[in-house]
Amino acid sequence: MSEVLFYAFAAIAVAGALGMVLNLHNTVAAALSLVGTMVALGGLYVLLEAYLIGVLQILVYAGAIVVVFLFVVMLLNLRRDVFPAGRQWMTKGLALGISLVVLVRFLRLVPGSFGEPAALPEGFGGYREIGARLFTDYVLAFEVTSLLLLAAMVGAVILAKREPSEPDGDPRTPVSRSEAS
Amino acid sequence: MIEEAVALSGILFAIGAIGALVRRNVIVVLMCIELMLNAVNLALVAFSRLWADATGQVFVMMVIVVAAAEVAVGLGIVIALFRNRESVNVEEVSLLKW
């Protein structure tokens, strides 16, 4: 049963990822494909006995991060990203080739590299064990991530803030949205 | 199941890397970076299961926090970029190109 679920979630994850990368015309659909991948990965985490991480994955990624992406797509009115014909085919071909070669070498390494999974202690992957580790061994890292989140919040507000409108003649005044599209 | 999960994380990482290198829409490039972070998370969870050690899952939480911070700042930069250049095409933002 869990094998079948595992392969189903894996297929959904790969399909969502491919749908995101190969979708050349619609950014909203790409973001929704990414939601599919995130939810499937949450299911995989549960199958791998990481229950808290599975819940956090769905809450944070599918629930928050992709929604922020969709907000930005909507805010910038980018439903269709039609760009002029692409250049740099050689660079992109090289990127594709190197990535695929590295992937194949990696996949050759995997079979038979790991032994049998160890026996699970009681309550593995639950909030109790993760929380105990987080607040004892890794409490410094935990505090530093809170600082990181604060810095990111302030930075995002400052970056996205509209600058006070300057007197006319400002060369940076953008053309109106209707002209551009 | 561990081997399959690690192989899947490699596949997802490769898809994300190819997308980040090939796509030209800045927002899609950011989404591909998220996909790569997720692939690494999957490998961490799989190894955490292999050794029955919850430390890997603590690392996954840290990666999730960093990803959230990265998305907030990255999308702030995208909005500022769009305001100045009226475009999200990475090929038009080549001032620092060598």
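I'd like the orientation of helix A:139-160 relative to chain A: the angle between its Cα long axis and the longest Cα principal axis, in ° from 0 to 90, rounded to 10. So the inclination is approximately 20 degrees.
Please report the spacing between the Cα centers of the stretch A:117-165 and the stretch B:24-78 in Å, no decimals. Cα centres, the stretch A:117-165 to the stretch B:24-78: 12 Å. Semi-axis lengths, largest first, of the ellipsoid equivalent to chain B are 32, 15, 8 Å, with √(5λ) applied to each eigenvalue of the Cα gyration tensor. Scoring B:57-69, A:38-50, B:75-87 by mean Cβ neighbours within 10 Å over their residues and listing the highest first yields A:38-50, B:57-69, B:75-87.
Find which of A:GLY54, A:LEU140, A:THR27 sits farthest along the positive direction of the dipole of the protein assembly as shown, computed with +1 on the beta-carbon of Lys and Arg, -1 on that of Asp and Glu, about the Cα centre. Farthest towards the positive pole: A:THR27. Footprinting exposure proxy ranking of B:ILE11, B:ILE27, fewest other C-beta atoms within 10 angstrom first, gives B:ILE11, B:ILE27.
Only helical runs count toward this figure. For chain B, summing -39,500 (n - 2.57) over DSSP H runs of n ≥ 4 and dividing by all residues gives -28000 deg cm²/dmol at 222 nm.
Here, the protein assembly as shown has an Rg and a Dmax of 20.5, 71 Å when only alpha carbons are counted. For the peptide A:41-50, the mean number of other protein chain Cβ atoms found within 10 angstrom of a residue's Cβ is 6.
Can you put A:ARG128, B:ARG24 in order, fewest other beta carbons within 10 Å first? Walk me through the numbers before you get to the answer.
On the way: A:ARG128 12, B:ARG24 19.
If I rank by nearby Cβ atoms, fewest first, I get A:ARG128, B:ARG24.
Ranked by how many other Cβ atoms sit within 10 Å of their own Cβ, fewest first, the residues A:VAL28, A:VAL72, B:VAL22 fall in the order A:VAL28, B:VAL22, A:VAL72.
By its C-alpha gyration tensor, with a ≥ b ≥ c as the square roots of the eigenvalues, how is the stretch A:1-81 shaped: rounded for a/c under 1.5, else prolate for a/b larger than b/c, else oblate? Here the stretch A:1-81 falls in the oblate category.
Readers should treat all values here as calculations from the given coordinates under stated rules, not as data from a laboratory. All values derive from a computational prediction rather than experimental measurement. Every residue, glycine as well, gets a Cβ built from its backbone with ideal geometry; the counts of neighbours run over all protein chains shown.
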